[in-house]
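J.: Supplied in structure tokens, the structure appears directly below.
The values are calculated or read from the model by the stated rules, or taken from the named source; none is laboratory data. Since this is a predicted model, take the numbers as computed values, not measurements. Note that we place each Cβ from the backbone using ideal geometry, even for glycine, and neighbour counts take in every protein chain shown. With ligands, DNA and RNA removed, areas are computed over all heavy atoms of the protein, side chains included. Shrake-Rupley method; radii C 1.70, N 1.55, O 1.52, S 1.80 Å.
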Amino acid sequence: MIKREEKKQMILHAATECFSQLGYDKTTLDDIGGKVKLNKASLYYYYNSKEDLFCDVIYAEAQRFREEIRNKTRALRSAEEKVIFFLTERSRFYKRLKHLQEITMNMMKKIEPIFYTLQQGIQQEEKNMLKEMLDEGIHTGEINRTDPSRLSEVLLKVSSAFKMNGADTEQSDNNTIEDIRFTTRLILRGVKG
């Protein structure tokens, strides 16, 4: 017999597939249940609503992303390389999640309180991860002494602004990545005359 947590992971995986393929609005609990051979009523044993399941999918994807970044940044030498890698990969990650997050305005109003809390938690975890990289750079003298918490906030806001500013083309994505790299280097190194 499959344990509750294993079944919940199977549901989460199925939901990720459905949301990725169909988007949030078009995905039904019947679609998800069909992939794990559960009816809609049985899904409610594991999740209170489609919204709760969607939030768990987003959170799980964000956790996977952060773990992947942690593993890959271990091989990088400098704090600057780690920060730039994190910010550029973060931009790519959110682009991949875009289809999952295609939600109509009516649906967004319905899930906004839950999603807002989730988003704030994810952003705080990203800020903490970036702060660790900056702390390392300050400790080694690679980055000038500054408030790493504030700097991580600024870097996240700047990279998010680039992400929102670009069109949805490969060229625009490449430009966004280059803009993030350039601006991050500029912020970390400063402008010298």
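J.: Estimate the FRET efficiency between Asn144 and Asn175 by the formula 1/(1 + (r/R0)^6), using the beta-carbon distance for r and 25 Å for R0, to the nearest 0.05.
T.: Values: r = 28 Å, r/R0 = 1.13.
Calculated value: 0.30.
J.: Could you compute how much accessible surface Lys3 exposes when probed at 1.4 Å, giving the result in Å² to the nearest 10?
T.: Approximately 140 Å² for this residue.
J.: Among Glu67, Glu17, Glu51, which one moves the most in a GNM of the chain with springs linking Cα atoms closer than 10 Å?
T.: Fluctuation is largest for Glu67.
J.: How much solvent-accessible surface does Asp56 expose, in Å² to the nearest 10, with a 1.4 Å probe and all protein chains in place?
T.: 60 Å²
J.: Label points 7 Å out from Cα along the Cβ direction at Leu76 and Ser20: separation in nm?
T.: Going by the 7 Å Cα→Cβ label model, 2.4 nm.
J.: Follow-up question, since we're still on this one. Note down the relative contact order for segment 1-152 as a percent, whole number, built from C-alpha pairs under 8 angstrom at least six residues apart.
T.: Values: 100 pairs, mean separation 40.0, N = 152.
Relative contact order for segment 1-152 comes out at 26 percent.
J.: Right, something else. Which entries of Lys110/Lys157; Lys7/Lys40; Lys131/Lys157; Lys35/Lys110; Lys95/Lys131 show an alpha-carbon separation above 20 angstrom in the structure shown? Before the final figure, lay out the partial values.
T.: Values: Lys110/Lys157 26 Å; Lys7/Lys40 14 Å; Lys131/Lys157 14 Å; Lys35/Lys110 26 Å; Lys95/Lys131 23 Å.
Lys110/Lys157; Lys35/Lys110; Lys95/Lys131, as the Cα separations exceed 20 Å there.
J.: How do Val154, Val36, Val191 stack up against each other in accessible area, from largest to smallest, with a 1.4 angstrom probe?
T.: On the way: Val154 45, Val36 15, Val191 125 Å².
Descending order: Val191, Val154, Val36.
J.: What full-extension length gain, to one decimal in nm, is calculated for Ala41 and Tyr94 as 0.36 nm per residue of separation minus the Cα-Cα distance?
T.: Numbers: separation 53, 0.36 × 53 = 19.08 nm, distance 3.19 nm.
That works out to 15.9 nm of additional length.
J.: What figure in square angstrom, to the nearest 10, would you give for the accessible area of Met133 with a 1.4 Å probe?
T.: 10 Å²
J.: Within segment 10-62, which trypsin sites (Lys or Arg not before Pro) sit in a loop by DSSP and count at most 10 neighbouring Cβ atoms inside 10 Å? Spell out each step's value before the answer.
T.: On the way: sites: Lys26, Lys35, Lys37, Lys40, Lys50; in loops: Lys37.
Answer in residue order: Lys37.
J.: Take the eigenvalues of the Cα gyration tensor for the chain, scale each by 5, and report the square roots as semi-axes in whole Å, largest first. Working shown, then result.
T.: On the way: eigenvalues 264, 67, 40 Å².
Computed over the chain, the values are 36, 18, 14 Å.
J.: Follow-up. Please report, as a whole percent, how much of the solvent-accessible surface of segment 1-99 comes from carbon and sulfur atoms (probe radius 1.4 Å).
T.: 50 percent
J.: For Lys7 and Lys110 in the same chain, what is the full-extension length gain: residue separation times 0.36 nm, less their Cα-Cα distance, in nm? Walk me through the intermediate numbers first.
T.: Details: separation 103, 0.36 × 103 = 37.08 nm, distance 2.68 nm.
Separation in residues times 0.36 nm, less the Cα-Cα distance, equals 34.4 nm.
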